[in-house]
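What follows is a set of notes on a single structure, which appears directly below.
The values are calculated or read from the model by the stated rules, or taken from the named source; none is laboratory data. As the structure is a prediction and not an experimental result, all values here were calculated from the model. Cβ placement follows ideal geometry from the backbone for every residue including glycine, while neighbour counts extend to all protein chains displayed.
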Amino acid sequence: MKLVEYGAIAIRGNHDQMFLDFIYSDDPMEMELYLRNGGLSTLETYVGYEHFQYGPTKENLHAAKQFITENEKEHVEFLSNLPYYYETENHLFIHAGFDPSLSDWKQTPDYDKIWIRHEFLGFDHNYDFTVVHGHSPTQYIRGNNDNSVFFGNKKIGIDGACAYGGRLNCLVISEDSYTTTYINHGEG
């Protein structure tokens, strides 16, 4: 949020959406999806680790949701207003990708913009821009243990599987080149 105040661009990802779905929905499936994908750790940063000392229950999850909506309105509002992509003349920045089979990529449902994998990764697109995306760890794209930034056909994958013990990649885009750097999980 601070970086955005200073001019950074933030876009919505699937974990942002899972958090919002947890906050705004009473659907047990949405809650379960969020908890299975690291949500409990995020909730603990808001309500404290002792809140779930005996594990998540319907009651303490509801209390966490209530606490966050009452005390962290700024965070919830920030995430609720994140765009699904950002475009420049030469690049499209998007969390997961888009459906390249559509005549206009912008017709891709918002859900797919944060969740799509094979339909985006497995097929080339016919646009003039290069897509910079995350969501799919680059080792998954390559089919080996290489977590470095992936440069494909008008696609650049930057997810270094940091959440799974990999690394956090950084892509620096200048007028005529790309530079990459990274930090390994647990360093820094």
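Set side by side, the residues 32, 77 differ, and just one is more than 22 Å from residue 130 (Cα to Cα), out of contact with any His (no Cβ under 6 Å at 6 or more places or on another chain), at pLDDT below 95 and acidic (Asp, Glu), which is 32. Filtered by the rule that a residue be within 18 Å of residue 158 (Cα to Cα), in contact (Cβ under 8 Å) with a residue 12 or more places away in the chain, out of contact with any helix residue (DSSP H, G or I) (no Cβ under 9 Å at 6 or more places or on another chain) and of a type outside the set (D, E, K, R), segment 102-122 gives a lone residue, 116.
Kindly evaluate residue 1 against the criterion of being modelled with pLDDT of 95 or more and within 19 Å of the chain's Cα centre (by Cα). Show your work before the answer.
Numbers: modelled with pLDDT of 95 or more: yes; within 19 Å of the chain's Cα centre (by Cα): yes.
Spelling it out, residue 1 is indeed modelled with pLDDT of 95 or more and within 19 Å of the chain's Cα centre (by Cα).
For residue 57, the test of being touching a residue at least 12 places away in the same chain (Cβ under 8 Å), closer than 26 Å to residue 30 by Cβ and not assigned by TED's automatic domain parsing to the domain that holds residue 150 is failed.
Just name the residue that is nearest to residue 123 (Cα to Cα) out of those in segment 69-96 that are β-branched (Val, Ile, Thr) and surrounded by 14 or more Cβ atoms within 10 Å (Cβ to Cβ). It would help to see each step written out before you state the result.
Step one: filter segment 69-96 for residues β-branched (Val, Ile, Thr), giving 69, 76, 88, 94.
Still in the list and also surrounded by 14 or more Cβ atoms within 10 Å (Cβ to Cβ): 76, 94.
Working: 76: 35, 94: 16 Å.
It comes out as 94.
Determine whether residue 99 is without any contact (Cβ under 8 Å) to a residue 40 or more places away in the chain, of a type in the set (D, E, K, R), assigned by TED's automatic domain parsing to the domain that holds residue 154 and loosely packed, with under 12 Cβ neighbours inside 10 Å. Steps first, please.
Working: without any contact (Cβ under 8 Å) to a residue 40 or more places away in the chain: yes; of a type in the set (D, E, K, R): yes; assigned by TED's automatic domain parsing to the domain that holds residue 154: yes; loosely packed, with under 12 Cβ neighbours inside 10 Å: no.
So residue 99 fails the test.
Evaluate the following for residue 15: is it part of a helix (DSSP H, G or I), more than 16 Å from residue 163 (Cβ to Cβ) and of a type outside the set (Asp, Glu)?
Values: part of a helix (DSSP H, G or I): yes; more than 16 Å from residue 163 (Cβ to Cβ): no; of a type outside the set (Asp, Glu): yes.
Judged against the criteria, residue 15 is not a match.
Residue 34 meets the conditions (1) in contact (Cβ under 8 Å) with a residue 60 or more places away in the chain; (2) of a type outside the set (A, V, I, L, M, F, W, C); (3) surrounded by 15 or more Cβ atoms within 10 Å (Cβ to Cβ) in every case but one. The failed one is (1).
Just to verify a result, which residue in segment 43-74, among those that are among the hydroxyl-bearing types (Ser, Thr, Tyr) and at pLDDT 95 or above, is nearest to residue 162 (Cα to Cα)? So the residue we want is 45. Could you tell me whether residue 164 is aromatic (Phe, Trp, Tyr) and under 20 Å from residue 38 (Cβ atoms)? Yes: the conditions hold for residue 164. Close Cβ contacts (under 8 Å, 6 or more residues apart or on different chains) running from residues in segment 148-163 that are among the acidic types (Asp, Glu) to residues that are in a loop (DSSP other than H, G, I, E, B) comprise 159/134; 159/135; 159/136; 159/137.
The residues in segment 32-87 that are at positive phi and within 15 Å of the chain's Cα centre (by Cα) can be counted, and the count is 1.
Criterion applied to 178, 111, 140 was being aromatic (Phe, Trp, Tyr), outside the structural domain of residue 36 (by TED's automatic domain parsing) and surrounded by fewer than 13 Cβ atoms within 10 Å (Cβ to Cβ), and the one residue passing it is 111.
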